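A.B. asks: Below you will find the structure I want to go over with you.
The values are calculated or read from the model by the stated rules, or taken from the named source; none is laboratory data. Here the structure is a predicted model, which means the values were calculated and not measured. Note that each Cβ is placed from the backbone with ideal geometry, even for glycine, and that neighbours are counted across all protein chains shown. Each accessible area value is taken on the protein alone, full model and side chains, heavy atoms only, with ligands, DNA and RNA left out. Shrake-Rupley method; radii C 1.70, N 1.55, O 1.52, S 1.80 Å.
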Amino acid sequence: MSLQDYKGVFVFVQQVDNVITPVSFELIGKGKELANDLDTEVTAVVLGSKIDAMGKELARHGADRVIMVDDPALEVYTTEPYVHAFTEIINKYKPEVVLFGATAIGRDMAPRVSARVHTGLTADCTKLEINPEDKGLMMTRPAFGGNIMATILCPDHRPQMSTVRPGVMQKLPTNDAAECEVIKEEVAGLSDHMNVEVMEIVKTVAEKMDIQDAKILVSGGRGMASPENFKLLEDLADALGGTISSSRACVDAGWVEKDRQVGQTGKTVRPNLYIACGISGAIQHLAGMEESDVIIAINKDETAPIFNVADFGVVGDVFKILPLFTEAVKKEMA
Ligand code: FAD
């Protein structure tokens, strides 16, 4: 079979408790753009149990076609049945591009699937484009600690596979009237692949909003000087109806939980408003927030690189400015 025989863009749709994870919609958005450039379709592949209702939801978000594998062995994610089912789908349909979210599940599945179909995988991509000349997929990701962006090609094997971090690509606007073809596939003997038994699922309840869902983020860096001073950020976030996030320096210092970290080794965020307080703007931090709609930076060093990406900059002491800022917001909202 030649490379030209591989057709179509496939997106692995992650669901947990039969709720589709948002990154899947972001990948359908990107997949559609790639499919247009390749003159083909974007197919959403969803694995699970009792997942009928998801066909309509995936069509609303732009899928041209949905392939479902509905099997009790896929009710809760475990590696082997999922990897086996997805590999069978790839072997049958032979897509030219396959995208996964770089979530815990996507990162578990994608390398195994790529090894089984004898192709490569580019992890944690931040940009995906079709080369207009040879129609190959150009997969770009940070390399060498984020100091360079590397564009990786997969010229000799198909499919071209990549994982993409949540929050990097954009969803399409939903279309309630959209319909698409839904194909139900059966993969024989999936329960034979269940080599792990899930005894119990323990869920942690997040007290704060996920930073990737927040429209407003008030983010603190080492310039906040101590974990107690994060109260100033919380006050402003509360006044604005947002939540707090931070640079890695504060996570490494144990001031803030890891799930608040923005950046290359944290989360990628795209809020309407990002307020960076006492953050220098290292390249690894910028990689996670520079696509925010509006960025305000407060830093006492006027040469701090954060000002290069800020829409509004305040040169000054966070401890003086933050209380005034919060006060002004409260007055405005009253
Ligand atoms: P600093 O760089 O120390 O900056 C503190 C800033 O606060 C300074 O600009 C200072 O002028 C200002 N300041 C101090 N006091 C005040 C005050 N009173 N008022 C106003 N301003 C004040 N970093 C991330 O954030 N996210 C990542 O995901 C990430 N991943 C990484 C991955 C790799 C492989 C590597 C090598 C590094 C990574 N980093 C990441 C770390 C990154 O390089 C920086 O070290 C980190 O972002 C610095 O955090 P910071 O801006 O809070 O601290």
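A.B. asks: Classify segment 117-156 as rounded, prolate or oblate from the Cα gyration tensor: take a ≥ b ≥ c as the square roots of its eigenvalues, call it rounded if a/c is under 1.5, otherwise prolate when a/b beats b/c and oblate if not.
C.D. replies: Cα axes put segment 117-156 in the oblate bin.
A.B. asks: Report, for the chain, the % of DSSP beta bridges that are antiparallel, rounded to 5.
C.D. replies: If we restrict to bridges inside the chain, about 20 percent are antiparallel.
A.B. asks: Can you give me the long-range amide H partners of CYS125? Hydrogens built in the peptide plane at 1.01 Å from N, cutoff under 5 Å, separation of 5 or more residues or another chain.
C.D. replies: THR163, VAL164, ARG165
A.B. asks: How high is the relative contact order of segment 227-334, in percent, counting Cα pairs under 8 Å that sit 6 or more residues apart?
C.D. replies: Computed over segment 227-334, the figure is 22 percent.
A.B. asks: Further question: Residue farthest toward the positive end of the dipole of segment 1-152, with Cβ of Lys/Arg at +1 and Asp/Glu at -1: which of MET54, ALA104, VAL66?
C.D. replies: Towards the positive end, the residue furthest out is ALA104.
A.B. asks: While we're here: Once you order the gyration tensor axes a ≥ b ≥ c over the Cα atoms, which shape class does segment 229-271 get: rounded for a/c under 1.5, otherwise prolate or oblate by comparing a/b with b/c?
C.D. replies: oblate
A.B. asks: Follow-up question, since we're still on this one. For segment 1-191, with only Lys/Arg (+1) and Asp/Glu (-1) charged at the beta-carbon, what is the dipole magnitude about the Cα centre, in debye rounded to 20?
C.D. replies: 420 debye
A.B. asks: Please give the charge dipole size of segment 214-333, origin at the Cα centre, charges +1 on K and R Cβ atoms and -1 on D and E Cβ atoms. Round to the nearest 20 debye.
C.D. replies: Rounded to the nearest 20 debye, it is 140 debye.
A.B. asks: Right, something else. Residues with beta-carbon under 14 Å from that of ALA253, excluding ALA253: net charge, scoring Lys, Arg +1 and Asp, Glu -1?
C.D. replies: +1
A.B. asks: Please report, in debye to the nearest 20, how large the charge dipole of the chain is about its Cα centre when each Lys and Arg carries +1 at its beta carbon and each Asp and Glu carries -1 there.
C.D. replies: That gives a dipole near 600 debye.
A.B. asks: Which of rounded, prolate or oblate describes segment 214-333 when judged by the alpha-carbon gyration tensor and an a/c cut-off of 1.5?
C.D. replies: rounded
A.B. asks: Relative contact order, percent, of segment 136-254 when contacts are C-alpha pairs under 8 Å separated by at least 6 residues?
C.D. replies: Dividing the mean separation by the residue count of segment 136-254 yields 17 percent.
A.B. asks: Please give the per residue accessible area of the chain, computed with a probe of 1.4 Å over protein heavy atoms only, in Å².
C.D. replies: About 49 Å² of surface per residue is accessible.
A.B. asks: Which one, THR119, CYS180, MET169, projects farthest toward the positive side of the charge dipole computed for segment 90-232 from Cβ point charges (K/R +1, D/E -1)?
C.D. replies: MET169
A.B. asks: Oh, and also: For helix 79-93, report the angle its Cα long axis makes with the longest principal axis of the Cα atoms of the chain; keep it between 0 and 90° and round to the nearest 10°.
C.D. replies: Tilt of helix 79-93: around 60 degrees.
A.B. asks: Could I ask something else about it? So what J values fall out for segment 275-291 if you push phi through Karplus, 6.51 cos²θ - 1.76 cosθ + 1.60 with θ = phi - 60°, rounded to Hz, Gly and Pro as x?
C.D. replies: Working through the residues one at a time gives 10, 9, 10, x, 10, 6, x, 4, 4, 5, 6, 4, 4, x, 9, 5, 8 Hz.
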